[in-house]
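Beneath this line is the structure, given in structure tokens, with notes to follow.
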Amino acid sequence: MKDEKNDKKLNDPLEQQPAAAEELPDEITMTKEEFERVKAHIDGLKQENEKMVALAQRVQADFDNFRKRNAAIHLDSVEEGGRNVIAGLLPVIDNLERALSNAEGIDLNWMEGLVLVQRQLMDTLRKYGLNEIPADGMFDPNLHEAVLQEEAEGAQSGSVLEVLQKGYKVKDRIIRHSMVKVAK
């Protein structure tokens, strides 16, 4: 009985262990039934291979999307951090401007020093995308915040009369609207 099982394993092409290339005969004879089983097994392996290739392609595409999404999130985070730092420096810029506008009777060397510090600070921040929001012309609610309205002769209604606090944007994002006085 054991010999029949061993003989059956030897005759079954799917059950046989692979032999070294030197040991394989040039021709193998099989029955039609054995051939059909081997062919069905090969077709099954081909289908499984196609499924694995498709799965690998989906995994690769998912990973590429994940990488691109993370790169975009990282870039947004870095830019947001830069905007937050610049927004934190805006009161320093305001105070330097106030100091310069109220510098009557101060030594000229001190005044020149303050002007140089202000210029250097603004030049550095401009390199990182800081731009002043223009506040001349007509009031724009997207750029300006109207805190006062006043009657003004010769001024068109809705025109900006005075800038009370400068507004700034970094690249295309507003980090502080201009506070303005608007004509009625």
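The values are calculated or read from the model by the stated rules, or taken from the named source; none is laboratory data. Keep in mind that this is a model prediction, so the values were computed, not measured. No Cβ is skipped: glycine too gets one built from the backbone with ideal geometry, and neighbour counts run over all protein chains shown. To get the accessible areas, we keep the full protein, side chains included, count just its heavy atoms, and leave off ligands, DNA and RNA. Shrake-Rupley method; radii C 1.70, N 1.55, O 1.52, S 1.80 Å.
Just one of [x] 1.60; [y] 0.95; [z] 1.03 is Rg/Rh (Cα atoms, Kirkwood Rh) calculated from these coordinates, so which is it?
Checked against the structure: label [x].
Could you look at the stretch 91-141 and say what percent of its accessible area is carbon and sulfur, using a 1.4 Å probe and all protein chains?
Whole-percent figure for carbon plus sulfur exposure: 56.
Would you compute, from DSSP H runs of 4+ residues alone, the mean residue ellipticity of the chain at 222 nm, taking -39500 (n - 2.57) per run and dividing by the full residue count, rounded to the nearest 500?
-20000 deg cm²/dmol
Describe numerically, in nm with one decimal, the distance between label points set 7 Å from Cα along Cα→Cβ at Asp172 and at Ala152.
3.1
Give me the number: length gained by fully extending Leu121 to Asp107, i.e. 0.36 nm times residue separation minus the C-alpha to C-alpha distance, one decimal in nm.
Difference between extended and current length: 2.9 nm.
Using DSSP, restrict attention to beta bridges with both residues in the stretch 65-184 and report what percent are antiparallel, rounded to the nearest 5.
65
Nearest 10 degrees is fine. How inclined is helix 32-101 to the longest principal axis of the chain, computing both from alpha carbons?
Rounded to the nearest ten degrees, it is 10.
Give, in nm to one decimal, the length gained when the segment between Asp62 and Asp76 is fully stretched (0.36 nm per residue of separation minus the Cα-Cα distance).
Between Asp62 and Asp76, full extension yields an extra 2.9 nm.
If you count only protein heavy atoms with a 1.4 Å probe, what accessible area per residue comes out for the stretch 76-184, rounded to a whole Å²?
Per-residue accessible area for the stretch 76-184 comes out at 66 Å².
Say a paramagnetic label sat at a point 7 Å from the Cα of Val85, along Cα to Cβ; which residues of the stretch 109-125 have their backbone N under 13 Å from it?
Only 124-125 pass the distance filter.
Pull out the extension gain between Ala54 and Asp136, defined as 0.36 nm times the separation in residues minus the alpha carbon to alpha carbon distance; nm, one decimal.
23.5 nm
Taking only Cα atoms, what is the 0 to 90° angle, nearest 10, from helix 2-11's long axis to the longest principal axis of the chain?
That helix lies at roughly 60 degrees to the long axis.
Whose amide H sits under 5 Å from the amide H of Glu145, counting only residues 5 or more places off or on another chain, with H placed in the peptide plane?
Close amide H contacts, sequence-distant or interchain: Ser178, Met179, Val180.
With every protein chain left in place, what is the accessible area of Phe35 in Å² (1.4 Å probe, nearest 10)?
Here the residue's solvent-accessible area equals roughly 110 Å².
Going toward the positive end of the dipole of the chain, with +1 on Lys and Arg Cβ and -1 on Asp and Glu Cβ, which of Pro25, Ser178, Ala71 do you reach last?
Ser178
What dipole magnitude, in Debye to the nearest 20, does the chain give about its Cα centre under +1 on Lys/Arg Cβ and -1 on Asp/Glu Cβ?
Dipole size: approximately 500 debye.
With every protein chain present, what is the per residue accessible area of the stretch 32-73 (1.4 Å probe, Å²)?
It amounts to 90 Å² per residue over the stretch 32-73.
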